[in-house]
Amino acid sequence: MEKLWCATHCNTRGGPGARPAAGGAIMPTLPLLPQPRTVTWGDQTVTLPETLWVVVLGSHDLLLPTLQRFQSAAARAGITVHLTASPVGLSGELHVTVDTQDPGITHLQGYRLTVSPDGITIGARAPAGAAYGLATLKQLLSGGRRVPAVTIADWPDFRRRGVMLDISRGKVPTMESLYRFVDLLADLKINEFQLYTEHTFAYREHREVWQAYSPMTGEEIMLLDRYCRERFIDLVPNQNSFGHMTPWLIHSRYKHMAEAPDGFELPWGGRRNEPFSLSPAEPSVISFLAGLYDELLPHFTSQYFNVGCDETWDVGQGRSARAVAERGEHEVYLEQLLKIHRLVAERRRTMQFWGDIIIKYPEAVARLPKDVIALEWGYEADHPFDEHCAVYAHAGVPFYVCPGTSTWMSLVGRTENALQNMRSAAESGLKHGAQGFLNTIWGDLGHQDYEPVAYLPVAFGAAVSWALEANREADVRPFLDRLVFEDGAGQIGSVLYDLGNTYLAAGPRIHNGTALGRLFHSARTWREWKLLPEIDFAAQAEAVRRAAAGLDLADLRCARGPLVMRELRNAVRLLLFLCDLGQTLQGVLRGSLPSAEQREALGRELEAIACEHRDLWLQRNRPGGLEEMSMPPFRAWREELKNLG
């Protein structure tokens, strides 16, 4: 007897195990992620042989790298896998059959996986679906050679499910780190990857812009592009082309293209004293962008191109002021966007662009070309995805929904905010017909958070973009424990989840960050921070200690387990330092200055954390950008501590 199980209703909190179903069937709470759309568990378990044949029917050339990764995963379960394209001689022997051209599968990325005492079959309409079936089977093998009898029918909600990694706020990962991360994305059935780029591609004619930042080279992009394609991931080129161009415009050679060369007023108050956007009033901008595109794009096989164009806050405050006054911001912005679109179309790519400016003007949205893709982004739990998606849908403009991991400006994430942000994005995207879901990992102000902090929100985003209803309340922790970190104690997933929620103990909420993240970047402005007296640093410190307690129990057996432990311990140490610092500053505001001994103790702790941070950075990332962007907050607080007396 078999029982149909809708993945939505399986609560996997507490880790792997099993629970009885009505009628006696056993429904294992295995850490499948994304949780499949439909699962029918059988009453038996199947013990796989120590030597297992995998027969690939149909196209096998595209699937071969995935099959080789499956071999490695099976080896960890004590199984030696042999590959063949012919079933001859395997009659009566339990084996795996992978059909990449199964006519019974209707969805291009769908698959059907069956495990029974008679063998294992994966049917798919195309190699990508077969790869997704193998990814699920690999997860079933995480418990060893004994696997449950099961039938899974699965396909994605969103045709394109992506992750974007910021490599322009100092942190450019090594190729080894990028390859490892792409492997994780493939395991999660992600099929689009972007590297957010302002100045970290090694343009041959623009060395002064990137020479301090260890950029991606053309050769490295080609290698990464191939690596992604072998895993059914589209590496989409990304080059901001309007705002966020400060790394270029601070150099004299490019300053003539700046909208406001000497700085501008920020929309929320305050001033930035550096140039920011390329000016739509400068004719040479378009030929400049054409030159960048002609060098960048040939390294990618993708037919898409993200040109950015977000947060053009200074437009209208400088060279385009007259045009904006006469015609309006939306007309000036749209005109420049259309010029960029022509450049992209001439190079036979589909243009993606961030939609935060254009969405303010629904009448301008209606005038967008219908071959662009607007990227509707927002990173708070209450972002109005539904309202904005409706505008694009009504105008007939293709769009993605783009939530975020909430890891930047937080040091350890904002778990509750991130998960709700992603649920909301997926709900609204499905309701209004979004073409894709792009989960963003930003690195604002130096990217001081460590890579493992992003794994939980990346995994949850992959899950809800694959099948929202099956994964709305998915617990990512068992997946992290068993399949990512190989934690024999089953602790690390909860540590990451709980550390990411410690921001809730601080009291006041901080937009796009946390209280401790904001404090870390406020060495020169903390006296003007109005919320500082309201932050409950003692409560946050206690929350951090509780969340981190599991680190003493964790038993990470993954290849980089010791590094992960060092990273998380240093993150915890920095959080606790900031809690002590915050309480000290609150005392200063009340008129109680710290003693010389207190200042020296804070200084020694800060220096130790900074030294470890510098070493940890270099374990995964290139040296460029470390001193320029990640270390300045440490140096700024070192100087400010000297002044507190």
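Throughout, read-outs are computed from the coordinates displayed, never taken from laboratory work. Computed from a predicted structure; not experimentally measured. Heads up, the Cβs are rebuilt from the backbone with ideal geometry, glycines too, and the neighbour counts pull from every protein chain shown.
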Low-density loop positions, trypsin sites (Lys or Arg not before Pro), the range 242-283 - DSSP coil, at most 15 other Cβ in 10 Å: R253
Neighbour-count ranking [beta-carbon atoms within 10 angstrom, fewest first] of T45, T301: T301, T45
Relative contact order for the chain, counting Cα pairs under 8 Å that sit 6 or more residues apart, in percent: 13
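Apply the Kirkwood formula to the chain: the hydrodynamic radius equals the inverse of the mean of 1/r over all pairs of different alpha-carbon atoms; give it in Å with one decimal. Spell out each step's value before the answer.
Details: mean 1/r = 0.0383 Å⁻¹.
In the chain this quantity evaluates to 26.1 Å.
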Integer Hz, Karplus 6.51/-1.76/1.60 couplings in order for the range 296-303, x for Gly and Pro: 6, 5, x, 7, 10, 8, 5, 9
Antiparallel %, DSSP beta bridges [both residues in the chain], to 5: 40
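Over 31 Å between Cα atoms, which of K171/K370; K171/K255; K339/K360; K189/K255; K171/K431; K138/K370 qualify? Intermediate results must be reported in sequence, preceding the final value.
Values: K171/K370 35 Å; K171/K255 25 Å; K339/K360 20 Å; K189/K255 43 Å; K171/K431 36 Å; K138/K370 40 Å.
Among K171/K370; K171/K255; K339/K360; K189/K255; K171/K431; K138/K370, the Cα-Cα distance tops 31 Å for K171/K370; K189/K255; K171/K431; K138/K370.
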Sorted by Cβ neighbour density within 10 Å, fewest at the top, the residues S252, S465: S252, S465
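May I have the convex hull volume per residue, in Å³, for the Cα set of the range 503-616? Could the numbers behind the result be given before it?
On the way: hull volume 13.8 nm³, N = 114.
Enclosed volume per residue, from the Cα hull, is 121 Å³.
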Principal axes of the range 345-457: Cα extent on each, largest first, Å: 41, 32, 21
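When Lys and Arg each count +1 and Asp and Glu each count -1, what net charge do the other residues less than 12 Å away from V96, Cβ to Cβ, add up to? List each step's numbers first, then the result.
Numbers: positive: K138; negative: E93, D99, D118.
Value of the local net charge: -2.
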Degrees, to the nearest 10: 415-432 long Cα axis against longest axis of the chain: 70
Karplus 3J(HN,Hα) series, Hz, for the range 90-97 with 6.51 cos²θ - 1.76 cosθ + 1.60 (x for Gly, Pro): 9, 4, x, 9, 4, 8, 9, 10
Degrees separating the helix 329-346 axis from the principal Cα axis of the chain, which is the longest one: 50
C-alpha long axis of helix 385-395 to longest principal axis of the chain, angle in °: 90
Most positive-pole-ward Cα, A321, W408, L266, against dipole of the range 160-474 from beta carbon charges: A321
³J(HN,Hα) computed for each position of the range 276-287 - Karplus, 6.51 cos²θ - 1.76 cosθ + 1.60, integer Hz, glycine/proline x: 9, 10, 5, 7, x, 8, 9, x, 6, 4, 5, 5
Gyration tensor (alpha-carbon) shape descriptor, the range 414-479, a/c threshold 1.5: oblate
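Taking the number of other C-beta atoms within 10 Å as the exposure measure, put D615, D102 in order starting with the fewest.
Working: D615 11, D102 21.
Ranked by crowding around the Cβ, least crowded first: D615, D102.
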